[in-house]
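Worksheet: the structure to be examined is printed underneath.
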Amino acid sequence: MKLEFHGHDERYIVEQSMMNLFPLEKPVYGAVEPGETDWCRLTAEETAAGGWVSGELHYSGAAGAAETAYTLSGTAFEQEGQRRYAVAACFYLAFLNLMKALPEAARAAGKLVLPPWGMLTGVRPDKPVTWALMEGKSPEEAKAYLKAHYFVPEERAALALETGIVGYQARKRLAARDIDLYVGIPFCPTRCAYCSFVSQSVERSFGLVEPYVQALLAELRVGGEMVRENRLRPRTFYMGGGTPTTLSAGQLDAVLTALEESFDLSDCPELTVEAGRPDTITAEKLAVLKSHGVTRVSVNPQTMEDKVLTAIGRRHTAAETRAAMELVSAYHFPHVNMDLIAGLPEDTPEGFRRSLDECLAMGADNITVHTLALKKGSRILTEGLSIPDGDAVQAMLDYAAPALRAAGFAPYYLYRQKYMSGSFENVGWSRPGGECWYNVDIMSELCSILSFGAGGSTKMVEPGTNHIERAFNLKYPKEYTERPEKALQNQAAFAKFYADYVKDA
């Protein structure tokens, strides 16, 4: 689609909107030429107090137009956001008018549908709700703002309100120097078809695991000293991956021992470890986790359909998931999470329903329902694997929400990703008291997260603001083990952030 801009150059927000509204189109910039059929012209004009944006959108012989006005207030950063919103809103409203004129056949050919989240394109659709509540708005006012400002339909706005309220509650429990800790274990038994994470198959990189663990132990010890010196207080700990239980019982014990010796965890009631793949879970490893006071483990089958497991490259069966859950239950961890993905290759709405029903029957108190995201580099894209269409994914999610509510679950966090099937969302559901606060903190960007290990993303959040800085560890296990100075630089940046922005707390 040809994009012609006048008076602005808001390429990023328009490209994000195009991805949301026109999934088959790619942006091409320049003046619209006579005879071109698919194009959008967005023009902005501005005075000292505000401005307006006009948009004209043509697609498959139909046209739509819109105008939006805006006022300027606050800081330069806030004013930039006001301009960006006006451009995105104009593009979206022109799309709505285009859809009214567009024949059904043209809609189907372009895979054009009304987005379930309105004009929202970010990964945190409930964040506006959380911030509205923090500003003193009532829940109903916060929901109404989401509907009016971002054109979010009632059903999704109500979902965002539920999770946004949990985010608001989470924020109230945090002090200025509270942080979360994350440890990444970038190894898996095999690579799943949907995955694009930087993770190594253990069977191909076994020799990297022990050097990686030793480098991780060193990083944890230095990080613990930095945290103590800066009077920071860990509130949650999360070990993810990859699959952490690809480590041996001895290696898991070494990492958790270093954690306990390096950090004061007296105010950290939540210790989560992704056990992940059922074929990596053993009694010996669970005993180690239990001995270190781990409060939550995740068993993530993604599906309970054997043919789907085969299609995505998992080397375990649904029967092994059942056996792993029986083993986990024997250790009486306070909380157990299970993950499912709607939209996997070879899955059907009926198969997804069976998977969810089984997870409910196995007693997890926290179930995360993901929507498949088509990630660059995943085998689904590189090999062209067939996946369920948007209607099938919709049917899966339409079953999940009422089934989980009927079982006593409520949504407590949600997020979105690029290239998600049907532009839907990922939702974490829990029974009362089963919420994972780390998930809420990271998705609502409520506090800083100090990350350890390859591929780790350290996030520095100035309390009560939208000011966030990031620092990234080296991606690959080998380079991480060979260049420990990079992790030390990230820790120094973390300390400087608190010296600069949290001086008096």
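The values are calculated or read from the model by the stated rules, or taken from the named source; none is laboratory data. This structure is a prediction, so every number in the text was calculated from the model and none was measured. Reconstructed Cβ throughout: ideal geometry from the backbone, glycine too, with neighbour counts over all protein chains shown. Heavy atoms of the whole protein, side chains included, go into the accessibility calculation; ligands, DNA and RNA do not. Shrake-Rupley method; radii C 1.70, N 1.55, O 1.52, S 1.80 Å.
Can you give the relative contact order of the chain as a percent, counting alpha carbon pairs under 8 Å and 6+ residues apart? Don't skip to the end; give the middle numbers.
On the way: 975 pairs, mean separation 67.6, N = 505.
Averaging sequence separation for qualifying contacts and normalising by length gives 13 percent for the chain.
Leaving out ligands, DNA and RNA, and with a 1.4 Å probe, what % of the accessible surface on segment 216-328 is carbon or sulfur? If you can, show how the numbers build up before the last one.
Details: 1890 of 3920 Å².
Using a 1.4 Å probe with all protein chains present, segment 216-328 comes out at 48 percent carbon and sulfur.
Between Q169 and H149, with labels modelled 7 Å along Cα→Cβ, what's the label distance in nm to one decimal, could you check?
Label at Q169, label at H149, 2.3 nm between them.
Based on alpha-carbon centroids, what's the gap between segment 384-445 and segment 226-260 in Å, whole number please?
About 27 Å separates the Cα centre of segment 384-445 from the one of segment 226-260.
Rounded to the nearest 20 Debye, what is the dipole magnitude of the chain about its Cα centre when Lys and Arg each give +1 and Asp and Glu each give -1 at the C-beta?
On the way: 51 positive and 64 negative charges, 82 e Å.
That gives the chain a dipole magnitude of about 400 debye.
Picking from V288, F333, L271, whose Cα lies most toward the positive end of the charge dipole for segment 268-372 (charges on Cβ: Lys, Arg +1; Asp, Glu -1)?
Farthest along the dipole direction, towards plus: V288.
Given the chain, what whole percent of its Cα pairs are spread farther than 42 Å? Before the final figure, lay out the partial values.
Working: 26824 of 127260 pairs.
Pairs farther apart than 42 Å: 21 percent.
Using the Karplus curve 6.51 cos²θ - 1.76 cosθ + 1.60 with θ = phi - 60°, what ³J(HN,Hα) values do you get for each residue of segment 309-316, in whole Hz, with x for Gly and Pro?
Per-residue couplings from phi come out as 4, 5, 5, 8, x, 8, 9, 9 Hz.
Inverting the mean 1/r over all pairs of different Cα atoms, compute the Kirkwood radius of segment 434-505 and quote it in Å. Each step should come with its number before you reach the end.
Details: mean 1/r = 0.0761 Å⁻¹.
About 13.1 Å for segment 434-505.
Of all GluC sites (Glu not before Pro) in segment 364-462, which ones are in loop regions per DSSP and have a Cβ with at most 11 other Cβ atoms within 10 Å?
On the way: sites: E383, E425, E435, E445; in loops: E383, E425, E435, E445.
Taking segment 364-462 and a limit of 11 other Cβ atoms within 10 Å, the loop GluC sites (Glu not before Pro) found are E383.
Given N residues in segment 90-153, what is its alpha carbon radius of gyration divided by 2.2 N^0.38 Å?
Details: Rg = 14.7 Å, N = 64, 2.2 N^0.38 = 10.7 Å.
For segment 90-153, the normalised Cα radius of gyration is 1.37.
Let's test this: bin the Cα-Cα distances of segment 436-478 at 10 Å from zero up to the farthest pair and state each bin's percent.
Histogram of Cα-Cα distances, whole percents per bin: 29, 48, 21, 2.
Mind pulling the per residue volume of the convex hull built on the Cα atoms of segment 298-428? Å³ is fine. Working shown, then result.
On the way: hull volume 13.4 nm³, N = 131.
Convex hull volume per residue, Cα atoms: 103 Å³.
Any idea what angle helix 139-150 forms with the longest principal axis of the chain, computed on alpha-carbon atoms, 0 to 90 degrees, nearest 10?
50 degrees
How do the peptides 220-226, 270-276 rank, highest first, by the average count of neighbouring beta carbon atoms within 10 Å per residue?
Details: 220-226: 18.4, 270-276: 24.4.
Packing proxy ranking, top to bottom: 270-276, 220-226.
Using a Cα-Cα cut-off of under 17 Å, which aspartates and glutamates could be cross-linked to K478, ignoring same-chain neighbours fewer than 8 residues away?
Cross-link targets: E203, E210, E219.
Leaving out ligands and nucleic acids, and using a 1.4 Å probe, what accessible area per residue does segment 33-99 come to in Å²? Don't skip to the end; give the middle numbers.
Details: 3170 Å² over 67 residues.
That works out to 47 Å² per residue.
Roughly to the nearest percent, how much of the accessible area of segment 64-170 is carbon and sulfur, given a 1.4 Å probe? Mind dumping the intermediate values first?
Details: 2870 of 4890 Å².
The computed percentage sits at 59.
At a Cα cut-off below 20 Å, give the lysines reachable from K26, other chains included and same-chain residues fewer than 8 away excluded.
Cross-link targets: K2, K111, K375, K376, K418.
How big is D, in µm² s⁻¹, for segment 354-408 by Stokes-Einstein at 4 °C and 1.567 mPa s if Rh is the Kirkwood radius over C-alpha pairs?
Numbers: Rh = 13.1 Å.
Translational D for this selection: 99 µm²/s.
Carbon-plus-sulfur fraction of the accessible area of segment 368-452, 1.4 Å probe, in percent? List each step's numbers first, then the result.
On the way: 1640 of 2990 Å².
The computed percentage sits at 55.
With angles folded into 0 to 90 degrees, how steeply does helix 202-229 sit against the dominant principal axis of the chain? Use alpha carbons for both and round to 10.
90 degrees
Under 5 Å between amide hydrogens, which residues at least 5 positions from G241 or on another chain qualify, with H placed 1.01 Å from N in the peptide plane?
I185
Can you list the aspartates and glutamates whose alpha carbon sits under 13 Å from that of K127, skipping same-chain ones fewer than 8 residues off?
E135, E162, D441, E445
Return the Cα extents of segment 1-114 along principal axes one, two and three, sorted largest first, each rounded to a whole Å.
Largest to smallest, the principal-axis extents are 46, 29, 20 Å.
Let me know the whole percent of all Cα-Cα pairs from segment 390-434 that are separated by more than 11 Å. Don't skip to the end; give the middle numbers.
On the way: 673 of 990 pairs.
Counting pairs separated by more than 11 Å, the tail of P(r) holds 68 percent.
State the answer as a single residue: which of A403, C359, M226 lies farthest towards the positive end of the charge dipole of the chain, with beta carbon charges of +1 for Lys and Arg and -1 for Asp and Glu, about the Cα centre.
Towards the positive end, the residue furthest out is M226.
Between helix 11-21 and the chain, what is the angle of the helix's C-alpha long axis to the longest principal axis, kept within 0 to 90° and rounded to the nearest 10?
For 11-21 against the chain, the angle is about 90 degrees.
Going down the table (K459/K503; K285/K496; K172/K285; K172/K503), which pairs top 26 Å between alpha carbons?
Checking Cα-Cα distances, K285/K496; K172/K285 exceed 26 Å.
Just the accessible area per residue of segment 466-505, please: how many Å² with a 1.4 Å probe?
Numbers: 2430 Å² over 40 residues.
For segment 466-505, the solvent-accessible area averages 61 Å² per residue.
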